[in-house]
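Single-structure report; data block below.
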Amino acid sequence: MPDSPVLLSLLSVIIVSALSLIGMFAFALSEKFVRAILLPLVGFSTGALLGDVFLHMLPEMALETDFGNRLLLILVGILISFVIEKVIHWRHCHCSGLPLQDDRHHIHPMGIMNLVGDGMHNFIDGAIIAGSFLVSPMIGMATTVAVILHEIPQEIGDFAILLYSGFSRGRALLLNFLSGCVAVAGAVAVLLTASALPVAGSWLLPLAAGNFLYIAGSDLIPELHKDSRLIPALFQLLTILIGIGVMAALRIID
């Protein structure tokens with residue numbers, strides 16, 4: 001396995017970009033099956049994002065002498081994530097964006113706006129992954145896993161939105177894939193500036209932590225709260241714990 005941050009970053013973002021094709025495969029499955037796996041995936045990705053922040057990113061930042069400044073950058077990362085969503089009028093609607101759910105009261109941005117928002121999101125994901133690998137291979141690997149897990153339900157929703165915006169399946173698949181490839185541009189931008197800005201990785205890590213906390217808190221957990229029944233709630237908690245457990249296992253491997 002390559003140990004170069006450049007090769008690892010590019011390989012990881014290529015894998016993340018390929019996830020844009022998953023929407024097509026999801027719609028080939030039965031509606032009942034897709035609906036059954038979506039919320040567990042959301043719970044799993046919630047745990048992975050939180051686990052990456054608290055088990056990998058924060059311990060790494062705690063080793064720095066200016067840890068207080070890193071904490072401020074986490075706050076900045078949360079605020080930047082909020083501003084980005086407001087500017088482009090788009091939310092990562094992991095579940096309610098799907099035609100599989102009867103959510104007529106939720107108004108979704110259509111077509112091009114969704115692609116613009118998704119492209120910006122993917123650019124940030126690519127930058128975060130590359131910045132994480134610049135810090136350490138294990139941080140990069142854990143961050144890639146967390147990104148992959150929260151991309152899966154999102155990509156299913158994105159593909160559905162494009163279909164309901166009037167795009168054909170082929171065109172929706174192509175545009176969603178091109179949007180996913182923007183992650184490569186984000187990674188390349190960070191890697192090209194790494195030599196000029198040696199602290200780029202250490203700056204991006206707390207910003208990534210803020211972004212992950214924002215996604216988990218504003219997008220994923222509210223989706224889980226839509227079903228407040230006891231048994232589903234306990235199962236959601238279990239999937240969150242499994243996601244955290246995956247991040248803990250990666251730390252043990254390291």
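Laboratory data are not the source of any read-out in this text; all were calculated from the coordinates shown. Keep in mind that what you see is a predicted model, and the values were worked out from it rather than measured. Cβ sites come from the backbone with ideal geometry, for glycine too, and all protein chains shown count toward neighbours.
Numbers below:
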read-out	value
Cα-projected label distance for residue 235 with residue 79, points at 7 Å along beta-carbon direction, nm	4.1 nm
Order by protection proxy (mean Cβ within 10 Å, highest first), peptides 51-63, 222-234, 138-150	138-150, 51-63, 222-234
Gyration tensor verdict on the stretch 118-254 (Cα atoms; rounded if a/c is under 1.5, prolate if a/b is larger than b/c, oblate otherwise)	oblate
Most to least packed among 6-16, 67-77 [average Cβ atoms within 10 Å]	6-16, 67-77
Pairwise label distance in nanometres, residue 136 with residue 218, each label 7 Å out on the Cα-Cβ vector	2.9 nm
